[in-house]
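Since the structure comes first, as structure tokens, the remarks are kept for the end.
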Amino acid sequence: MEYLGVSRRTAYKIVDNLEADGLIEEVTGKEYKAVDVFDILK
């Protein structure tokens, strides 16, 4: 996660926190979508 300036572990923790807060949702094994953005587009 060099381009983010954080370790891989930190990046995974951030993703886990965003998912737990309901801000993103897993679409496939490694892809996520921003829930509110997709709800607006429906």
Inset, instruction - Filter region 1-35 down to residues that are assigned to a loop (DSSP other than H, G, I, E, B) and among the acidic types (Asp, Glu) and give me whichever is modelled with the lowest pLDDT. - result: GLU31
Legend entry - Residue in region 2-16 that is farthest from ALA34 (Cα to Cα), counting only those that are surrounded by 11 or more Cβ atoms within 10 Å (Cβ to Cβ) and among the aliphatic types (A, V, I, L, M): VAL6
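The values are calculated or read from the model by the stated rules, or taken from the named source; none is laboratory data. Everything numeric in this text was worked out from a predicted model, so none of it was measured. For neighbour counting, all protein chains shown are included, and Cβ atoms are generated from backbone atoms with ideal geometry for every residue, glycine included.
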